[in-house]
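Below is one structure, written out as structure tokens, with a few remarks after it.
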Amino acid sequence: MEPVRMCVACRARVPRTALLRVVARESVLVIDERAVLPGRGAWVHASSACMGVAVKRRAFVRALRVSGPLDTQTIEEHLQQDKG
């Protein structure tokens, strides 16, 4: 049986292999592709739609339980790579 996680954007429950893990490192969002970085993680679909919704709704801030703004530049760069 494969572990199930929930996307912070669309709230869909799917196997963890279908999602990307995102962690906060010194107020910067980092995509944890191997899902091994320490600390609290947030799970999101790799689609630009879900990542955009998560950034817009500040879902990462709530899921990661951080105070203050997060630098979403790495997520935005990932979105640009998907579009281009």
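I'm checking my understanding of the structure. Among residues of segment 43-66 that are in a helix (DSSP H, G or I) and among the basic types (Lys, Arg), which one is surrounded by the most Cβ atoms within 10 Å (Cβ to Cβ)?
Taking segment 43-66 first, the residues in a helix (DSSP H, G or I) are 48-56, 59-64.
After this cut, where a residue has to be among the basic types (Lys, Arg) as well, the list is 56, 62.
On the way: 56: 10, 62: 12.
Ranking the candidates gives 62 first.
Could you look through segment 2-23, keep only residues that are of a type in the set (Lys, Arg) and surrounded by 12 or more Cβ atoms within 10 Å (Cβ to Cβ), and pick out the one that is nearest to residue 61 (Cα to Cα)? Spell out how you get there, then give the answer.
We begin by selecting, within segment 2-23, every residue of a type in the set (Lys, Arg); these are 5, 11, 13, 16, 21.
Pick out the ones that are also surrounded by 12 or more Cβ atoms within 10 Å (Cβ to Cβ) and you get 5, 16, 21.
Values: 5: 18, 16: 20, 21: 14 Å.
In this case the residue turns out to be 21.
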If you take the residues of segment 29-42 that are assigned to a strand (DSSP E or B) and touching a helix residue (DSSP H, G or I) at 6+ places or on another chain (Cβ under 7 Å), which of them is nearest to residue 73 (Cα to Cα)? 29
Between residues in segment 36-61 that are free of Cβ contacts under 8 Å to residues at least 60 places away in the same chain and residues that are among the aromatic types (Phe, Trp, Tyr) and open to solvent by less than 30 Å² (accessible area, probe 1.4 Å), which pairs lie under 6 Å by C-beta distance while being six or more apart or on different chains? 42/60; 54/60
Looking at (1) part of a helix (DSSP H, G or I); (2) touching a Pro at 6+ places or on another chain (Cβ under 8 Å), can you tell me which one residue 2 breaks? (1)
Identify all residues within segment 46-69 that are modelled with pLDDT of 90 or more and in contact with a strand residue (DSSP E or B) (Cβ under 6 Å, 6 or more places away or on another chain); write none if there are none. 50, 54, 60, 63, 64, 66
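The values are calculated or read from the model by the stated rules, or taken from the named source; none is laboratory data. Predicted, not measured: the structure shown is a model, and the values here were computed from it. All Cβ positions, even for glycine, are placed from backbone atoms using ideal geometry, and neighbour counts span all protein chains on display. What goes into the accessible areas is simple: the full protein's heavy atoms, side chains included, and nothing from ligands, DNA or RNA. Shrake-Rupley method; radii C 1.70, N 1.55, O 1.52, S 1.80 Å.
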